[in-house]
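The values are calculated or read from the model by the stated rules, or taken from the named source; none is laboratory data. Nothing here was measured: the structure is a model prediction, and the numbers come from that model. With ideal geometry, Cβ positions are generated from the backbone for all residues, glycine too; neighbour counts draw on all protein chains shown.
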Amino acid sequence: MTRISNVDQVMLLLRQQLQRMAKSARQQKGAKVSPTTAQRREQALERIEEISRVDALSDDDLAKTLVGALLVDEFGEAIANDAKFQSLVGEVHRIIASDAETKALLGNALKEMRKQG
């Protein structure tokens, strides 16, 4: 049986929400070709590993960076160049932090990331 870590739990929650948002956006704009789920997951894991190695980041900054990496993973590299991207990252982080359960999951995921990094 595979163990699901706190990072995996947070990623699953975010990914589910992002998939719902992307589905409705695709329905409005038409579907476009994107990398496979396995490729996107591999890219996200690489980003997360790189992020966790940065000791100078506070937990808040690390959490926002993690959220940003997941958003880029879900919507593609082009979104990172959008001027409103950091605002979106901040809003998603605020929503996560406003719920005690998801905030605790994110906190545990950050602790686990720091241990692995």
Task: Residues of segment 97-117 classified as of a type in the set (A, V, I, L, M), closer than 24 Å to residue 56 by Cβ and without any contact (Cβ under 8 Å) to a residue 60 or more places away in the chain, total - done: 2
Open item on the list: Suppose we filter segment 74-96 for residues that are on the phi < 0 side of the Ramachandran plot and touching a residue at least 24 places away in the same chain (Cβ under 8 Å); how many remain?
Closed with: 7
- [ ] State yes or no: is residue 41 modelled with pLDDT under 75, under 15 Å from residue 10 (Cα atoms) and part of a helix (DSSP H, G or I)?
- [x] yes
TODO: Please name all residue pairs, on different chains or six or more residues apart, with Cβ atoms under 9 Å, provided the first residue is in segment 53-73 and is over 14 Å from residue 86 (Cβ atoms) and the second residue is of a type in the set (Ser, Thr, Tyr) and at pLDDT 80 or above.
DONE: 54/65; 57/65
TODO: Find the helices (runs of 4 or more DSSP H) located wholly in segment 50-117 whose residues include 3 or more that are under 22 Å from residue 39 (Cβ atoms) and either among the small types (Gly, Ala, Ser) or under 13 Å from the mean Cα position of the chain (by Cα) (or both), and list them.
DONE: 59-75
